[in-house]
Amino acid sequence: MKVAVSSTGSDLDAQVDPRFGRCACFLIVNPDDMTFEAFENESVSLGGGAGIQSAQFVASKGATVVITGNVGSNAIRTLNAAGLEVIVGVSGPIREAIESYKRGELSHTDQANVPDHFGMGGGQSPYPGEGMGTGRGMGQGMGRGMGTGRGMGQGMGRGMGMGRGMGMQGGYAPKQGTSASSPEQELTALKEEAKALRDQLNSVLSRVKDLEEK
């Protein structure tokens, strides 16, 4: 079997990255002999759909279990559809996390434990409550109507991209110090979001078909 772990580095002594879709690396570990492969996460810079793309990636590598800190609803649906067990709330060195899994100390879930777009904004503040000041302003102005938009803007890092992302369901997240995205950047982000949504819909429809045929 193979266990996919969201990682801050490329070896077993690295920490479990609290972000799934936007983690730095994925380690695909064989828990029997602790051999592993390390892959840089190419979804880390996506404007939207990073959780879905990351879920599809680890499934393509033959993983049957995912160990991470946090996972959003888009990613958990994709992982569930692919038949992977998902373990969340894990921190510390990856080596210790794998040993805990082998001892049966970790339990899996089929529910997200953070909102979508968790960890956006450059990866500097993946934890709630540690965001930059600009996040509060954009979250209140752009996302108040959505409910969750205000919470994300106030609490989740790098500010303006988070508030806008929640209010617009995954819009372009400008870097700190910029006031807005250009039309070209926003168009690129929207195209990425549309592709991710199509991939998610195809995954759901495939799962529905499988269940109907049983």
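The values are calculated or read from the model by the stated rules, or taken from the named source; none is laboratory data. Not measured: the values here are computed from a predicted model. Cβ coordinates were reconstructed from backbone atoms using ideal geometry, including for glycine residues, and neighbour counts include every protein chain displayed.
Condition check: modelled with pLDDT of 95 or more, more than 17 Å from Q15 (Cα to Cα) and in a loop (DSSP other than H, G, I, E, B). Does G48 satisfy that?
So G48 does not fit the description; no.
Kindly provide the set of residues from region 79-92 that are polar (S, T, N, Q) and in a loop (DSSP other than H, G, I, E, B), ordered by number.
S91
Could you check region 15-45 and list, in sequence order, the residues that are in a strand (DSSP E or B), under 19 Å from G83 (Cβ atoms) and not hydrophobic (A, V, I, L, M, F, W, C)?
N30
What number goes with the only condition from (1) surrounded by fewer than 17 Cβ atoms within 10 Å (Cβ to Cβ); (2) touching a helix residue (DSSP H, G or I) at 6+ places or on another chain (Cβ under 9 Å); (3) closer than 24 Å to L190 by Cα that A112 does not pass?
The failed condition is (1).
Go through (1) hydrophobic (A, V, I, L, M, F, W, C); (2) in a helix (DSSP H, G or I); (3) surrounded by fewer than 21 Cβ atoms within 10 Å (Cβ to Cβ) for I76 and report which single condition fails.
Just one mismatch for I76, condition (3).
Does S6 count as closer than 25 Å to N202 by Cβ and surrounded by fewer than 18 Cβ atoms within 10 Å (Cβ to Cβ)?
Against the criterion (closer than 25 Å to N202 by Cβ and surrounded by fewer than 18 Cβ atoms within 10 Å (Cβ to Cβ)), S6 does not qualify.
Considering each residue of region 28-62, count those that are aliphatic (A, V, I, L, M) and buried (at least 24 other Cβ atoms within 10 Å of the Cβ), and give that number.
Number satisfying all stated conditions: 5.
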